[in-house]
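Notes follow once the structure below has been shown.
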Amino acid sequence: MIFSDKKILDAIDKGEIVIEPFDRKALGTNSYDVHLGKYLAVYEDEILDARKHNRIREIEIGPDGYIIRPGILYLGVTIEYTETHTAVPFLEGKSSVGRLGIDIHATAGKGDVGFCNTWTLEISCVHPVRVYAGMPIGQLIYFGVDGAIENYYNKKRNAKYNERTVKPVESMMWKNKF
């Protein structure tokens, strides 16, 4: 079941969901709006290698915004730091963002129970678009979990995205053994 606004607020009051900073105006009927942080990143190499650490170049979005372009994967980050201890968070794009031709994630829309961090966004577009730090970019939707949790994400020894950050984080696939 998807959490309603009242269920989200109740989970926040109980410490089961943490959103920093929290703005009551960002709470929807059954979601919470997240906003684009001031940092983007792009990969430096033309060809990425899943077995190697691919370097990124950081971009800071200025007050006049930044134009994202088709054919380039931009890593973005949410302003909001979140923790989810008893539910599964899903990050989806806002319809207004989608209507500008912007996708905010390629495949990573689901978080794990125990995920505690900002959200790295995998941004692409079909048409050049000027984006701004602080603009609403997505919405978190929370689903209840059926059953006890044995393996919280923030307690996994091999979790690759636990270090708190305000910047986008590149793929850590290279840390996997394959």
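The values are calculated or read from the model by the stated rules, or taken from the named source; none is laboratory data. Note that the coordinates shown come from a computational prediction; the quantities given were computed from them, not determined experimentally. So basically every Cβ, Gly included, is an ideal-geometry build from the backbone, and we count neighbours across all protein chains shown.
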Long-range neighbours under 7 Å by Cβ, at least six apart or interchain, first residue in contact (Cβ under 8 Å) with a residue 40 or more places away in the chain and farther than 22 Å from Asp23 by Cβ within region 136-157, second assigned to a loop (DSSP other than H, G, I, E, B) and of a type in the set (Gly, Ala, Ser)
Tyr152/Gly114; Tyr153/Gly114; Tyr153/Ala159; Asn154/Gly114; Lys155/Gly114
What tally of residues in region 130-159 results from selecting those that are part of a helix (DSSP H, G or I) and among the polar types (S, T, N, Q)?
1
Kindly check whether there is at least one residue in region 124-144 that is of a type in the set (A, V, I, L, M, F, W, C), touching a Phe, Trp or Tyr at 6+ places or on another chain (Cβ under 6 Å) and under 20 Å from Ser171 (Cα atoms).
no
Residue that is farthest from the chain's Cα centre (by Cα), among those in region 76-114 that are surrounded by 21 or more Cβ atoms within 10 Å (Cβ to Cβ) and either among the polar types (S, T, N, Q) or assigned to a loop (DSSP other than H, G, I, E, B) (or both):
Thr84
Give me a count of the residues in region 37-48 that are of a type in the set (D, E, K, R) and either under 19 Å from Gly111 (Cβ atoms) or touching a residue at least 24 places away in the same chain (Cβ under 8 Å) (or both).
1
Considering residues that are closer than 18 Å to Gly37 by Cβ and either at pLDDT 95 or above or touching an Asp or Glu at 6+ places or on another chain (Cβ under 9 Å) (or both), the number found within region 107-135 is 20
Tell me, which residue of region 2-36 that is under 18 Å from the mean Cα position of the chain (by Cα) and without any contact (Cβ under 8 Å) to a residue 60 or more places away in the chain is nearest to Tyr142 (Cα to Cα)?
Leu27
